[in-house]
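As structure tokens, the structure follows; a few thoughts come after it.
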């Protein structure tokens, strides 16, 4: 669902999107070595998939010996840029925004929120964990001064496009959009991933519904 | 990321996952006819992708005339099973669970939550919008009696696998798992989609990081 930029990178996007899952397993395990079979079992992917993904950045396991857990973890963190202290801004301090912020504060993510913005006078100034919600009016100066490169949008649908425009203008490189409305901002300026939770839910309905009438071609 | 069942269906999963986005556009538009170009523009997919997706279930637009908005909407709702009143249970009434519930209550989703469960005595009995949180102890009887087929998991990581087992045992057909730990339950019994928001965030970090050292093959 990530919209592509003109300059495609060498590692496929689908591989990039699986790397954090491997990383989580590596960081939670006590053994010093692991295998593609073990990584596959703990992430739900096939061992072939794991081997293929890791080979993209030169991490080749040794047959019968596998991968060095610490080294592979470092490599994945480097590939993802998680060793570069990526800073993010959260726009929209409602229930979803608060949930995301608490997840990252609990230490399960390496991306750190450097600012939380909202436009409601009732919310601006209040605390979420260790952070204080700031006024969205100051979006541009906050993004620039704190060198923020990533944005997470948890605003209402009608506000998403306009906020995305402001973020792109301020120099944000990528937006993860949870608003129930896709952002269609110019993709050469900013990378957008639209992740609409209610659409995910609707798609799941398909898999619990009988579809006998679809087995033969419809015309 | 949806794990596959043994009996594959005819329509690709990637197509199924785009259908709700098309449906949202169709339901929000006033015109009676639309085109693959217009649907593409409003969802962020290419017009070729739209045409290919819709052709899977026999919805062929007419050149110069396009698609009938109302008819196409009905077809997509039928394909997804949204005309069959799919009932879901939400397990975990924290911030994320509350956000999801409010989204669906605001009418942007056709999947209706028939129950919200939690294990905390502080939360059980409290109201979220029009729903009252019930005790997870009664999971099995609630799922059976209310004929619930779909589950959304917003519980802590350490609880996810055990709750998923109980849901599968109770007859749930599909689980959308937001817990920051993948569910590895037997895929022949229940379809699982793991959607870990912090991992999505980590993957985004890659796209705002410079990767000059990856441009040449690493070995």
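Please treat every number below as a calculation from the coordinates, not as lab data. As the structure is a prediction and not an experimental result, all values here were calculated from the model. Counting neighbours? That spans all protein chains shown, and the Cβs are built from the backbone with ideal geometry, glycine included.
Some values worked out for this structure:
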read-out	value
Relative contact order [Cα under 8 Å, 6+ residues apart], the range A:85-202, whole percent	22
Radius ratio Rg over Rh of the range B:85-202, counting only Cα atoms, Kirkwood formula for Rh	0.93
Gap separating the Cα centres of the range A:43-59 and the range B:80-142, nearest whole Å	37
Cα pair distances exceeding 19 angstrom across the range A:48-104, given as percent	50
Three-way shape call for the range A:13-80 based on the alpha-carbon gyration tensor, with the a/c threshold at 1.5	rounded
Taking N as its residue count, the alpha carbon Rg of chain A over 2.2 N^0.38 Å	1.18
Sorted peptide list for B:15-24, B:37-46, criterion being average Cβ within 10 angstrom, highest first	B:15-24, B:37-46
Choice from A:62, A:34, A:185 with maximal GNM fluctuation in chain A (Cα, 10 Å cutoff)	A:62
FRET efficiency, 1/(1 + (r/R0)^6) with R0 25 Å, evaluated for residue B:157 and residue A:13 via beta carbons	0.45
Cα→Cβ-extended label distance, 7 Å offset, between residue B:37 and residue A:147, nm	4.6
Sequence-separation-based contact order of chain B, relative, with Cα cut under 8 Å and 6+ spacing, percent	16
Label-to-label distance, nm, for residues given as residue A:27 and residue A:60 (7 Å Cα→Cβ offset)	2.9
Degrees between helix B:157-169 axis and first principal axis of chain B (Cα, 0 to 90, nearest 10)	80
For the range B:23-133, the spread of Cα positions along each principal axis, largest first, Å	60, 25, 23
Fewest-first sequence of B:57, A:113 by Cβ atoms within 10 Å of each Cβ	B:57, A:113
Highest average packing first - B:139-150, A:163-174, Cβ atoms within 10 Å	A:163-174, B:139-150
Taking the range B:141-201 and dividing mean pair separation by its residue count, relative contact order in percent (alpha carbons under 8 Å, at least six apart)	32
Dimensions in Å of the range A:80-142 - Rg and Dmax from alpha carbons	11.8, 37
For A:93-105, mean number of other protein chain Cβ atoms within 10 Å	5
Partner chain coverage, peptide A:78-88 - average Cβ within 10 angstrom	5
Stokes-Einstein D (µm²/s) once Rh is taken as the Kirkwood radius of the protein assembly as shown over alpha-carbon pairs, at 10 °C in 1.306 mPa s	69
Shielding score for A:57-67, defined as the mean number of other chain Cβ atoms within 10 Å	1
Angle between chain A longest axis and helix A:13-27 axis [Cα atoms, degrees, rounded to 10]	80
